[in-house]
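Below: one structure, written as structure tokens.
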Amino acid sequence: QVQLVESGGGLVQPGGSLRLSCAASGSIAGIYSTAWYRQAPGRQREWVSTVSSGGYTFYANSMEGRFTISRDNAKNTIYLQMNSVKPEDTAVYYCKWWRLGQEYWGQGTQVTVSS
């Protein structure tokens, strides 16, 4: 089993920045593909960004250029640097790790963009 814990959420003003972290622990063997998702109130969960096991990064169109995903394999942690945030970025952000048909989700961290 792999446990994921997100952190770094909070209240940020429009145009500001925030960095989310997702730390993995437990039976981690090998390199996982990892991703961030988010879910706003009353909306379906949507994909935000992925960093593959090979280190390739992918972004949803509305986040590209503002968000940066990264990973530190030595720390079993991934990050999401959020810049130029907008009110529509308000959501609970979740990380997902997956490998060989198994996937794990964190419990989520709330990000609220408001003045």
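Summary table
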| quantity | calculated |
| --- | --- |
| Meets criteria (assigned to a strand (DSSP E or B) and modelled with pLDDT under 95) for Ser49 | no |
| Sole exception among (1) open to solvent by 20 Å² or more (accessible area, probe 1.4 Å); (2) touching a Lys or Arg at 6+ places or on another chain (Cβ under 9 Å); (3) among the aromatic types (Phe, Trp, Tyr); (4) at pLDDT below 95 for Tyr32, by number | (1) |
| Enumeration of residues in the range 61-99 that are under 16 Å from Thr50 (Cβ atoms), part of a strand (DSSP E or B) and open to solvent by less than 30 Å² (accessible area, probe 1.4 Å) | Phe67, Ile69, Thr77, Ile78, Leu80, Met82, Tyr93, Cys95, Lys96, Trp97 |
| Any pair with Cβ under 9 angstrom, 6 or more apart, that starts in the range 87-103 at a residue that is within 18 Å of Gly15 (Cα to Cα) and among the β-branched types (Val, Ile, Thr) and ends at one that is at pLDDT 95 or above and open to solvent by 30 Å² or more (accessible area, probe 1.4 Å) | Thr90/Gln110; Thr90/Thr112; Thr90/Ser114 |
| Members of the range 24-41 found to be among the aliphatic types (A, V, I, L, M) and touching a residue at least 12 places away in the same chain (Cβ under 8 Å), listed by number | Ala24, Ile28, Ile31, Ala35, Ala40 |
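The values are calculated or read from the model by the stated rules, or taken from the named source; none is laboratory data. None of these values were measured; they are calculated from a predicted model. Counting neighbours? That spans all protein chains shown, and the Cβs are built from the backbone with ideal geometry, glycine included. Surface accessibility is based on the protein's heavy atoms, side chains included, excluding ligands, DNA and RNA. Shrake-Rupley method; radii C 1.70, N 1.55, O 1.52, S 1.80 Å.
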